[in-house]
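Working notes, beginning with the structure itself.
The values are calculated or read from the model by the stated rules, or taken from the named source; none is laboratory data. Given the structure is predicted, the values throughout are model-derived calculations rather than measurements. Note: ideal-geometry Cβ built from the backbone for every residue, glycine included; neighbour counts use all protein chains shown.
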Amino acid sequence: MKSLAAVVRTVRTAQAAGLRVVFTNGCFDLIHRGHIRYLEQARALGDFLVVAVNSDASVRQLKGAGRPVVPADQRAEVLAALAAVDLALIFDDLDPGRVIRSVRPDVLVKGGDWSMDRIVGADFVRSIGGRVRSLPYVKGTSTSALIRRLAFGGRHQPPASR
């Protein structure tokens, strides 16, 4: 796994070569087709995709007890293996602001479940001449819903009470 300093060095080299760097972040617990479609769309907005993955501690704070299901190092390794992703790193903060300011991406991307006014780092990226995009949310693909479904034996909802 790459450190933030190593990611920044790689990003600067890519940008110096004229590549457009795209950045996104998230928990990415239990990778599903919504994540895959989102990452492919994010990559299509540039030439080099960096994904910042929330640490286990930050996922617990954001999502609650029992999360993440998959440890951060494994989530980041799976993401880094995807064709759309060039680099993955783990960050410990509750929001990616510090990482975004360090990476200085050309394009900042979040899923459609994030309104433009809630995207952390948007103002900074715009201030350095970058773009901010909110990509369409793929309905029926939430990790939380998948976990609930698994908890109820594969059913899409809890069994009706008798």
Cβ pairs under 7 Å, 6+ apart, first in the range 108-136 and part of a helix (DSSP H, G or I) and among the aliphatic types (A, V, I, L, M), second modelled with pLDDT under 95 and crowded, with 16+ Cβ neighbours inside 10 Å: MET116/SER134
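Matching residues to (1) within 25 Å of GLY130 (Cα to Cα); (2) of a type in the set (A, V, I, L, M, F, W, C); (3) modelled with pLDDT under 95:
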residue: VAL11; (1), (2), (3): yes, yes, no
residue: GLN15; (1), (2), (3): yes, no, no
residue: HIS35; (1), (2), (3): yes, no, yes
residue: ASP47; (1), (2), (3): yes, no, no
residue: VAL53; (1), (2), (3): yes, yes, no
residue: LEU62; (1), (2), (3): no, yes, yes
residue: GLN74; (1), (2), (3): no, no, no
residue: ASP93; (1), (2), (3): yes, no, yes
residue: ILE100; (1), (2), (3): yes, yes, no
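When only residues in the range 68-96 that are among the small types (Gly, Ala, Ser) and not in a helix (DSSP H, G or I) count, which is nearest to GLY26 (Cα to Cα)? Talk me through it step by step, then tell me what you get.
Our first condition is that a residue be among the small types (Gly, Ala, Ser); within the range 68-96, this holds for 72, 76, 80-81, 83-84, 88.
From what's left, not in a helix (DSSP H, G or I): 83-84, 88.
Details: ALA83: 18, ALA84: 15, ALA88: 11 Å.
If we take residues in the range 68-96 being among the small types (Gly, Ala, Ser) and not in a helix (DSSP H, G or I), then ALA88 is nearest to GLY26 (Cα to Cα).
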Restricting the range 12-41 to residues that are assigned to a loop (DSSP other than H, G, I, E, B) and touching a residue at least 24 places away in the same chain (Cβ under 8 Å), the residue that is farthest from PHE91 (Cα to Cα): LEU19
Those residues of the range 2-59 which are surrounded by fewer than 19 Cβ atoms within 10 Å (Cβ to Cβ) and on the phi > 0 side of the Ramachandran plot, in sequence order: GLY18, LEU30
Residue in the range 137-146 that is surrounded by fewer than 12 Cβ atoms within 10 Å (Cβ to Cβ) and at pLDDT 90 or above present: no
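Filter the range 42-65 for residues that are in a loop (DSSP other than H, G, I, E, B), without any contact (Cβ under 8 Å) to a residue 60 or more places away in the chain and either over 17 Å from SER3 (Cβ atoms) or of a type in the set (Lys, Arg) (or both) and give the result.
First, the residues of the range 42-65 that are in a loop (DSSP other than H, G, I, E, B): 44-47, 55, 64-65.
Restricting the remaining residues to those that are without any contact (Cβ under 8 Å) to a residue 60 or more places away in the chain gives 44, 47, 55, 64-65.
Listed by number, the residues that qualify are ALA44, ASP47, GLY64, ALA65.
May I ask you to verify whether ASP73 is acidic (Asp, Glu) and out of contact with any Lys or Arg (no Cβ under 6 Å at 6 or more places or on another chain)? Spell out the reasoning first.
Values: acidic (Asp, Glu): yes; out of contact with any Lys or Arg (no Cβ under 6 Å at 6 or more places or on another chain): yes.
When the stated conditions are applied, ASP73 passes them.
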